[in-house]
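Following: one structure in structure tokens, then a few remarks.
The values are calculated or read from the model by the stated rules, or taken from the named source; none is laboratory data. Small disclaimer: the values here were computed from a predicted structure and weren't measured. For neighbour counting, all protein chains shown are included, and Cβ atoms are generated from backbone atoms with ideal geometry for every residue, glycine included. The protein model used for the area step is the full one, side chains on, heavy atoms only, and it has no ligands, DNA or RNA in it. Shrake-Rupley method; radii C 1.70, N 1.55, O 1.52, S 1.80 Å.
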Amino acid sequence: MKFLLVEDSEALAHAVSSRMRQDGHVIDHAANLADARAFVAGTEYDLILLDIMLPDGDGRAFLKQHRASDLDTPVIVLTARSQVSDRIDSLDLGADDYITKPFDHAELEARCRAVLRRTSGQAQTTIAMGGLVFDPVAGQLTVRGQDVALRNRELRLLEVFLNAPGQLFSKQKLTDRLFSFDHDVSENAIEVYVGRLRKHLEQSDLKITTFRGLGYRLDHG
Amino acid sequence: MDDVAISGSLRQRLMFGLVLGAAVLGVILFFAVRSYATQVAQRGQDGILAASAASILDAASVRGGVVDLDIPISAFTMLSTPADDKVFYAVRQDGAFLTGYRDLAGPAAGDGGQARMQSFEFQGDPVRAVTASRTLIGLQTRSAITVTLAQTQDALAVTLQQISRNAAFLGFGFFALAVALSYVAANAAIRPLERLTDSVARRGPQDLSPFEKPVPAEMGPLVGSLNSLMGRLDMSLQQSEDFIAEAAHRVRTPLATVRSYAEGMLQRVDRAENRTAVRSMVRAIDESSRAAGQLLDHAMITFRADHLESQQIDLVDLVQTQVTQLSPIADMKDLELRLHADGAVPCQGDAILIQNAVRNLIDNALKYAPAESVVDLTVTATPRPTVVVRDQGQGFPPDNLDTLALRFQRGDNAKGTIGSGLGLTIAQDVAQAHGGSLVLANQDTGGACVTLSL
């Protein structure tokens, strides 16, 4: 997926971008509205993450202009303002969703996924590997032509593995990616999801190998 | 109006002035009509008296140097009245008494003998008298005959009494009519003021736009000052809103940065105690930003609850929107949000407030429900528009049920979960602002059940 992040705080933009890249996305960063306009004019994006308060203007003005220019790139508004009326304002102006800063990266990811699923056309990037076809946006997994229903956490776990096959992930890392900070989660909880995912992958050529004390790895063959 | 110092009433003042004027005019009308009627009646009597005197004089003639006077009966019959007024007369020749009442002395006749009138009292009765004279010329003689006729005024008095009574009725009638008209006029004069009051009272709390409807010239300065006051208020409200938004932005943006870094750091840190520290950091950030957000929301809700902006909304539609908004978060825990409703549930209320309340309730359910369970939302219309949220979590601690909706109160089982303790307070405030209630309960099957009715 190709994202545009319009955010004036360098530090936050850096943090969000690096997480996004980790998840296998391409992300451009614009620090102000002028840059954002230039990026949008030159490149086609799957999704725009838009801050509201920017040094050279109001992000909502950009949003309005963006919608008026017939571009249907979905937009998620990042807002540090929490007044309800403000949120409604941005939705009225054509934002597809909003998220309040500071946000959980998992929530941002979930909202991106939901918006993409709602707004995307047919042309999807799918990952095909070892007898399975995976559509990360639609959340659809097909193993040897058979549709497999995945729960959200199983889906995200699969995504992590598929983005880096052959790489060893510790339980901690996987836990961080799968669970939000709302709750204390035991790292053993990840075992449940790994177990389920294994079951889904039984018919494919992929398997998840356990390295005792180290973590898990997705292997081919 | 409760805390406004009142001194007098414009309407009463206007009414009083108009009624007083009407009373004065009524009295003047009465006297004017009566005096005019008296004059007319008097003139009538005078005319008859003069004619009677003239007919007596006509009968006088000089025959052979001697004055011959035979008073015609008609001279008296023409003076007869329904009140049987008495008639007195005296005829004199060159000042010497000829016949009639000797002591009846009328006014002197005018030059050339025209009739002159006078009112005085004769034999105890008020009378109207006329004196006319004529010079009779014989062959050698020339003598002046003077006739004085007097008539009591009983008939006239009766007529005048009738006229006075009618004039009084007329005066009073005019007065009554004027009172009614002045009531109407006072109301008409006050109406623009009432209309202005009405349009001020009907305005929503957010509406600080100037009044544009034309008003009478006298109210111009008032409306002008009102508009300029509203303008200043609007600006200062705008400024404080901007300030709050700016403050939130200033606080939350760096928090967001710190949080993102901390989250990123967690990916690289392996040692258990460092991980615990970073996790605590992230949670502290979440805690404070959530509290800041809820405090702002709560302040806004307290403000709006005082000036409810009621509108027609569909509760099902509203809850559906919130479900759509929150389903990505539900997905993260593999929770299913199920909305149960039979058709639309129309109700009157402040959409922003109700949205916030519903959002808080769903948010709570999502936080406390176990992963991969179902959160049921039921919207019903009777007996009152109601939203029920049921989850399959461990429910509320029974000991805390009564206090959970209080500000900053959190359940004993909420230790491991991030929250501000304001969510249920907000929902309860919203319910109460709409005349409804928030009821917390536990289901028999376990799990919390929150009922928000409006």
Inset, instruction - For residues that are in a loop (DSSP other than H, G, I, E, B), in contact with a Leu (Cβ under 6 Å, 6 or more places away or on another chain) and of a type in the set (A, V, I, L, M), tally how many sit in region B:339-392. - result: 2
Inset, instruction - Return yes or no: is B:Phe169 farther than 30 Å from B:Ile352 by Cβ, touching a Phe, Trp or Tyr at 6+ places or on another chain (Cβ under 8 Å) and aromatic (Phe, Trp, Tyr)? - result: no
Legend entry - Residue pairs meeting the criteria (Cβ under 6 Å; at least 6 apart or on separate chains; first farther than 14 Å from B:Thr257 by Cβ and modelled with pLDDT under 85, in region A:7-35; second open to solvent by 40 Å² or more (accessible area, probe 1.4 Å) and not in a loop (DSSP other than H, G, I, E, B)): A:Gly24/A:Asn163
Inset, instruction - Would you tally the residues in region A:152-186 being over 21 Å from A:Asp205 (Cα atoms) and either under 20 Å from the mean Cα position of the chain (by Cα) or in the same structural domain as A:Asp23 (by TED's automatic domain parsing) (or both)? - result: 13
Inset, instruction - Identify all residues within region A:95-113 that are of a type in the set (D, E, K, R) and either more than 7 Å from chain B (Cβ to nearest Cβ) or farther than 24 Å from B:Ala247 by Cβ (or both); write none if there are none. - result: A:Asp96, A:Asp97, A:Asp104, A:Glu109, A:Arg111, A:Arg113
Legend entry - Among the residues listed as A:Gly130, A:Gly94, the single one being open to solvent by less than 50 Å² (accessible area, probe 1.4 Å), over 20 Å from the mean Cα position of the chain (by Cα) and modelled with pLDDT of 80 or more: A:Gly130
Inset, instruction - Go through region B:250-276 and count every residue that is within 9 Å of A:Ala15 (Cβ to Cβ) and either charged (D, E, K, R) or touching a Ser or Thr at 6+ places or on another chain (Cβ under 7 Å) (or both). - result: 4
Legend entry - Residue count for region B:258-292, restricted to those that are touching a Pro at 6+ places or on another chain (Cβ under 8 Å) and within 7 Å of chain A (Cβ to nearest Cβ): 5
